[in-house]
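The values are calculated or read from the model by the stated rules, or taken from the named source; none is laboratory data. Given the structure is predicted, the values throughout are model-derived calculations rather than measurements. Here the Cβ positions follow ideal geometry from the backbone for every residue, glycine too, while neighbour counts run over all protein chains shown. Areas reflect the complete protein model, heavy atoms only, side chains present, ligands, DNA and RNA absent. Shrake-Rupley method; radii C 1.70, N 1.55, O 1.52, S 1.80 Å.
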Amino acid sequence: MRVLVVEDERRMASYICQALLEEGFAVDGVHDGAVALEMASAYDYDAIVLDLMLPNVDGLTLCTRLRAAGRATSVLILSARDLVEDRVAGLNAGADDYLVKPFAMQELVARVRALLRRRQGTGAPILRVGNLELNPAARTVKRNGQPIPLTAKEYALLEYLMRRPSVVLTRTMIAEHVWDFTFDLSSNVVDVYIKHLRDKINEPGKASFIQTVRGVGYTVMDPEAIEV
Ligand code: CA
């Protein structure tokens, strides 16, 4: 899951980015409203954490413009202002949630997760495909109840795939949601990570949870459903 963090106060920005990175998100941080608007228009972010007072384009304007352009990305507004009118203005500008500074980083992460669940229509906090189970809050993966240790990137990749079971995802879509903007699309990193992930999550002698769709990309499926 890829998140854009828009915050001009650099210490706060790096603090938020770090917290989200530690939770396995791919994160891009920007300090300027105009740059943020460009990036949010160019990339299909899963969520945007948006400060209100920003240089060049303020948070409310940014949110309004994104919605006017048809972008449905989840937006969590951050602000030191806790007046009811400000919160209402933020929500009316198209934001999905509002967090007043100062806040606990744990709460920010939990709210971002809740937004992602709602956006993807999967209200269930635990994702399941066959006997494979992923818990986004605990960041654990189990097969038949047995924990499978994954690296942060492998976990992020699996979470993205499991949030869209049976949907064919291209390498570009995967790269855009799991890696940040420094990712080199011409590399075979996605394929390499898919291989690592298959080695860890598949049951020996059974069909793979991750199916290759030749010339297109990958999809996650219950192997039991494929074998029949
Ligand atoms: Ca600010």
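For the chain, what relative contact order do you get, as a whole percent, if you take Cα pairs closer than 8 Å and at least 6 residues apart? RCO, the chain: 17 percent. Using the Karplus relation 6.51 cos²θ - 1.76 cosθ + 1.60 with θ = phi - 60°, the per-residue 3J(HN,Hα) values for segment 85-96 come to 4, 5, 5, 5, 4, x, 5, 5, 7, x, 6, 9 Hz, with x marking Gly and Pro.
Write down the accessible area per residue of segment 96-224 in Å², having rolled a 1.4 Å probe over the full set of protein chains.
49
Kindly list the residues of segment 157-185 that lie in the label zone of Asp191, defined by a backbone N under 20 Å from the point 7 Å along the Cα-to-C-beta vector. It comes to 157-158, 161, 168-179, 183-185, nothing else. Using 0.36 nm per residue and subtracting the Cα-Cα separation, the extra length available between Arg11 and Thr61 on full extension is 15.7 nm.
If R0 is taken as 22 Å, the Cβ-Cβ distance between Val216 and Asn135 corresponds to a FRET efficiency of 0.15. About the centre of its Cα atoms, the chain shows a dipole size close to 640 debye [charges on the beta carbon of Lys, Arg (+1) and Asp, Glu (-1) only; nearest 20 debye]. Here the Karplus relation 6.51 cos²θ - 1.76 cosθ + 1.60, evaluated at θ = phi - 60°, turns the backbone of segment 48-57 into coupling constants of 10, 9, 10, 6, 8, 8, 9, x, 6, 10 Hz, with x for every Gly and Pro. For Asp222, the accessible area of its heavy atoms, probed at 1.4 Å with every protein chain present, is near 50 square angstrom. What is the sum of charges around Ala40, taking Lys and Arg as +1, Asp and Glu as -1, for the other residues whose C-beta is under 13 Å from the C-beta of Ala40? With Lys, Arg at +1 and Asp, Glu at -1, the neighbours total -2.
Most simply put, the chain has about 45% antiparallel DSSP beta bridges, counting only bridges with both residues inside it. Near the amide H of Ala47, within less than 5 Å, lie the amide hydrogens of Arg2, Leu4, all on another chain or at least 5 residues away, with H placed in the peptide plane. Compared with the alpha-carbon gap, the fully stretched path from Val167 to Arg71 is longer by 32.5 nm at 0.36 nm per residue. Our coupling estimate for segment 35-40, obtained by passing each phi through the Karplus curve with A = 6.51, B = -1.76, C = 1.60 and θ = phi - 60°, is 5, 4, 4, 4, 5, 5 Hz, Gly and Pro reported as x. Note on the chain: the alpha carbon radius of gyration divided by the globular reference 2.2 N^0.38 Å gives 1.06.
Rolling a 1.4 angstrom probe over the chain with all protein chains present gives an accessible area of which 53% lies on carbon and sulfur atoms.
Its DSSP H runs of at least 4 residues, each contributing -39,500 (n - 2.57), put the calculated 222 nm mean residue ellipticity of the chain at -12500 deg cm²/dmol, to the nearest 500.
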